[in-house]
Every structure is written in C-alpha cells, then in structure tokens.
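Visitor: Right, I'll just put the structure down here and ask away after.
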Amino acid sequence: MNTRTKGRAFEKWCKKYLEEDGWSVHLCGRIAMFLGPGKVITKGDDIFGADLVAVQPAYGTLFVQCTLDKHIKNRADEFDKYGFDMLTCNVELWQKNGKEVVVYRYRGRGAGFEEVDRIPIGRTKCSKESKSK
C-alpha cells in the first residue's frame, strides 16, 4: 500500500470515528489536474488546510487535518495562513502514531499545537474532552 492510499484510509477512519460520535462530517476529495494529452494526476482539495470538516450543534465546527507524518510543525504553518477564530471553531491535527491517534489542538496563529487526547486504534467512540472548546 503506498503512502497516499494509507493516508486516505486514515482519513476515512477519522471520518467514521467522528460520525459514530454524532458529528456530521465532510471528507475533502481529490481533484483531477490535466498535465497534457493523456496525463492526469489528482491533488488533495483540503478546506482551509483540513481534510475533514465536522459539525455538531453542541461543539460547533471542527476542522481536522489527518496525518501519518511525524513532523507536525509545517501543519501549524499551514493553519496559520487562514487566521482561524479560535472562539468560534476548533482546529485539530490527528496524527497516527503506531496503534493510536494523537490529537493535537491548534492554539492559534504562531502558537502551534498542544496535545489534548490519545485515541487507541480500534476504539469506537470519541472522548468528549477532545472536542470541547
């Protein structure tokens, strides 16, 4: 399985995980780019740097970037471009790390991430603490 396939599988796992906890979730797709006759590639079509956009009335809007990458600094730089209002939405990075998912909350422009939860792979329900404002 190549890196893109593994990454997409992880995104789908995260989507299912949130849906099982009552979130309405949109998984960003891929868009086709034509390079010339007979040459087509696909490119990720993230929304404000996030792979998933989830909504739940009790918690508001949640933007989630899913990653298999061990280096997360550049992900914070990507979120910094958009100037999220941290009072009205939650922005998180979900990083697969072996047999668990480490959840980091974005703290705002220039402040990076803080770890807020660890989810064992195979667990079926989200903990409420990781989604509260």
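Visitor: Give me the pairs, please: first residue somewhere in the stretch 63-82 and closer than 18 Å to Glu11 by Cα, second residue anywhere and at pLDDT below 80 and in a strand (DSSP E or B), beta-carbon distance under 9 Å, and either six or more positions apart or on two chains.
Guide: Phe63/Ile47
Visitor: Evaluate the stretch 112-131: report whether one residue or more is modelled with pLDDT of 70 or more and among the hydroxyl-bearing types (Ser, Thr, Tyr).
Guide: No, the stretch 112-131 contains no residue that is modelled with pLDDT of 70 or more and among the hydroxyl-bearing types (Ser, Thr, Tyr).
The values are calculated or read from the model by the stated rules, or taken from the named source; none is laboratory data. None of the values given here were measured: they were computed from a predicted structure. Every residue, glycine among them, receives a Cβ derived from its backbone with ideal geometry; neighbour counts consider all protein chains shown.
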